[in-house]
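Here's the structure, in structure tokens; my notes come after.
FYI, it's all coordinate maths here, none of it is from the lab. Remember, predicted model here, so these are calculated numbers, not experimental data. Cβ placement follows ideal geometry from the backbone for every residue including glycine, while neighbour counts extend to all protein chains displayed.
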Amino acid sequence: NKTIGVLTSGGDSPGMNAAIRAVVRTGIAKGLHVVGIKRGYNGLITGDLLDMDLRSVSDIIHRGGTVLYTARSPEFKTEEGMQKAIKVCKEHNIAGIAVIGGDGSFRGASDLSERGIPCVGIPGTIDNDISSSDYTIGFDTSVNTAMEMVDRLRDTTESHDRCSVVEVMGRRAGWIALDTAIAVGATAVLVPEIAYDVEKELVPRIREIQKTGKKHYIIIVAEGVGHTAEIAKLVEEKTGIETRATVLGHVQRGGSPTVRDRVVASQMGYHAVELLAAGIGNRVVVMKDSKIVDYDIYEALKMVKPFDKNLYDISNTINI
Ligand code: F6P
């Protein structure tokens, strides 16, 4: 039987388990032998593999995290590490790998494909920042978590007539921030994609809104903008509104995946194995206009996903 591998790499995201499950079950349905590779590319370097059968992926569809564990592997980026990984693939007759992760993980997948091990990428990250895909597995769960957390903050913010400045995740991207802001009705949202001056724009906006009788405020800041504590301090100083800063942090990475993440993960895992079973590699499975399709990895990595300026404008218009 032809053998394929599956690994998760980079930051984990809710729904990765559903994707692993789909890869394993689709592979077995197509008569393939499937091995799980532990801790991302590190497991490929050290040969930390395990045979996956139908029952090995039972009871994981509803669990956050990744049962295969994950890592960011600096060693894999070296030619030596890469050669070790290729040796392990040859020893175990691995004829293709499904790589669940972000753009960084896809670069590794293209390097391996180039050296004769066909790899197919599946976008898994809460940040929704994979340039080639409209959607990434984990995003929906994380924004729902962020929304629930901010709903809780709203209770206490309102009781005290305060302003809450809340930092959500998104290392280089404001997608989590924007959707959360819309969902909680945040007075302002700061994202790395759009310049927004705290003193010259945010403070006057709050002052204007104050005049309409509003007494409590929620400001969402993407991690990529940062300086959350300083922003809170400045808002308090300049508006006189008592302000608190909250960083939501890694809670946004955990928890049971939503319907959307489970469904998309299942579709993408299935599609990836269809490619691998046909011996096709160097592809990335993506969502485009609500359809699951695949692109050449190199082309995919060069793509640019424009930020949703329209949704940003909607937020600033109605969250007032
Ligand atoms: O890429 C997902 C993400 O959660 C980012 O939003 C965040 O900047 C980063 O990972 C945090 O990484 P780590 O888990 O290594 O602290």
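List of remarks:
- Helix axis angle, 228-239 relative to the chain longest principal axis, alpha carbon, degrees: 20
- Farthest toward the positive end of the dipole of the stretch 141-215, out of 173, 144, 203, is the Cα of 203, where the dipole comes from beta carbon charges about the Cα centre.
- Less than 5 angstrom separates the built amide H of residue 185 from none of the residues sequence-distant by 5 or more or on a different chain.
- Under Karplus coefficients 6.51, -1.76 and 1.60, residue-wise ³J(HN,Hα) of the stretch 61-72 in Hz, glycine/proline x: 4, 9, 9, x, x, 9, 5, 8, 6, 9, 7, 9
- The label-point distance for residue 210 and residue 195, in a model that sets each label 7 Å from Cα toward Cβ, rounds to 2.7 nm.
- Fully extended contour minus Cα-Cα distance, from residue 296 to residue 233, at 0.36 nm per residue: 18.0 nm
- In order along the stretch 31-44, phi translates into HN-Hα couplings of x, 8, 9, 10, 10, x, 10, 8, 6, x, 5, 4, x, 6 Hz, rounded to whole numbers, per the Karplus curve 6.51 cos²θ - 1.76 cosθ + 1.60 with θ = phi - 60° and x for Gly and Pro.
- Take the Cβ atoms of residue 280 and residue 152, set R0 to 41 Å, and the FRET efficiency comes out at 0.30.
- Taken one residue at a time, the phi angles of the stretch 127-142 give Karplus couplings (6.51, -1.76, 1.60, θ = phi - 60°) of 6, 6, 10, 8, 4, 7, 10, 5, 9, 10, 4, x, 4, 4, 5, 5 Hz. Gly and Pro are set to x.
- Charge dipole (debye, nearest 20) of the stretch 217-304; +1 at Cβ of Lys and Arg, -1 at Cβ of Asp and Glu: 160
- At an R0 of 41 angstrom, the distance between the Cβ atoms of residue 172 and residue 83 translates into a FRET efficiency of 0.85.
- Cross-linked pairs 90/302; 38/288; 200/233; 233/305; 30/288; 38/84: Cα-Cα separations exceed 22 Å for 90/302; 38/288; 233/305; 30/288.
- Residue 201 sits among other residues whose Cβ lies under 13 Å from its own Cβ, and their net charge, with Lys and Arg +1 and Asp and Glu -1, is +1.
- Contact order normalised by residue count of the chain, Cα under 8 Å, 6+ apart, percent: 23
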